[in-house]
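Nothing in this text is a laboratory measurement; each read-out follows from the coordinates by a stated rule. Here the structure is a predicted model, which is why all the values come from computation and not from measurement. Cβ atoms come from the backbone with ideal geometry, glycine included; neighbour counts cover every protein chain shown.
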Amino acid sequence: MTTTRTLSRPIHLQWWWAAALLLAMSVVEYVFFVRSRSGQWADQAAFNVFVELWPRAQWPNFLHEFLDQLPLLCGIISAVFLLYRVVRDRSFLRASLAVVAVAAALITTQVFKHWILDRPDFNFGTTQNSLPSGHTTAAAAAMGLMYVIAPPRLRPVVQPLAWGFTATTGLATLICGWHRPSDIAVGMMVAAFWLVLSVALLQRHQPLGSAETITTWSRTTGLVSLALWAAVILLSFLLPHPHIQKIPQLLQVTYGVLGVVHILAGSLVAALCLRSVVLGPRRS
């Protein structure tokens, strides 16, 4: 007996689970790392590692220049891939949905950061809310758009490049002292959330490619990344929380490592959620 795969009757539930997971993770990030005392302390401690200990040399200056040019670079990348898709398809549907998703992500970030979310004052640092990170949202949205627009044969190459660019941007904003780890992780999740919704709608009318062979690496990587993200939260709660200005060096380095793991794990979960929707869920 042979099994035939078709593009008919996809199991759409997987798409909505991806969006629900990203939304739930964003809420947990805000509630724990911004609203709770222990979470905000851990987030600030990871931030302080790079503000206080990273050498003030040419490398940070390079990162500042990279971040200053990031909005322009993201705009150019998005425009090139949008033009490619419009010319190739002679249709504005895919490009339009991608643009709407990117715009929604950028607007959501600015509205929530400046007008909706607030940061309680636990006397750990600035009380100004900085979640989500606008630079990280822009990078993640542009790279996600590039992945969505790319032809199926190029996606295995585009995806790691897009993830690498986004993760590098997030780490750069932490190293330069622009954002805390939670700001960066939520910025990636906001971009992925809106792209997941737009691609889910698109898949019903214009499938993004033929059915893919089922593999386990992405699911395994996603589960490991989700476990690491949860471990960061648990350790941030359980590890000691001395005075924010008197943290022992070993503990300070530990929180710095947790901050890096936080960003990388969150970026992987966001990227793989989008991948699951672009490739399409398992089909009957």
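Summary of values
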read-out	value
Modelled FRET efficiency - R0 35 Å, ARG219 with VAL100, Cβ distances, 0.05 increments	0.75
Distance (nanometres) between label positions extended 7 Å along Cα→Cβ at GLN110 and TRP16	3.2
Packing-based ranking, highest mean first, of 262-273, 224-235, 132-143 given that Cβ atoms within 10 Å are counted	132-143, 262-273, 224-235
Highest-first arrangement of 31-41, 241-251, where packing means the average Cβ count within 10 Å	31-41, 241-251
Computed [θ] at 222 nm, helices only, for the chain once each DSSP H run of length n ≥ 4 contributes -39500 (n - 2.57)	-24500 deg cm²/dmol
Ranked packing of 111-123, 189-201, most packed first, by mean Cβ within 10 Å	189-201, 111-123
For the stretch 121-141 and the stretch 229-267, distance of Cα centres in Å	17
Cα centre as origin, Lys/Arg/Asp/Glu Cβ charges: the chain dipole, Debye	1060
Stretch gain in nm, segment LEU161-LEU72, where the contour uses 0.36 nm per residue and the Cα spacing is subtracted	30.2 nm
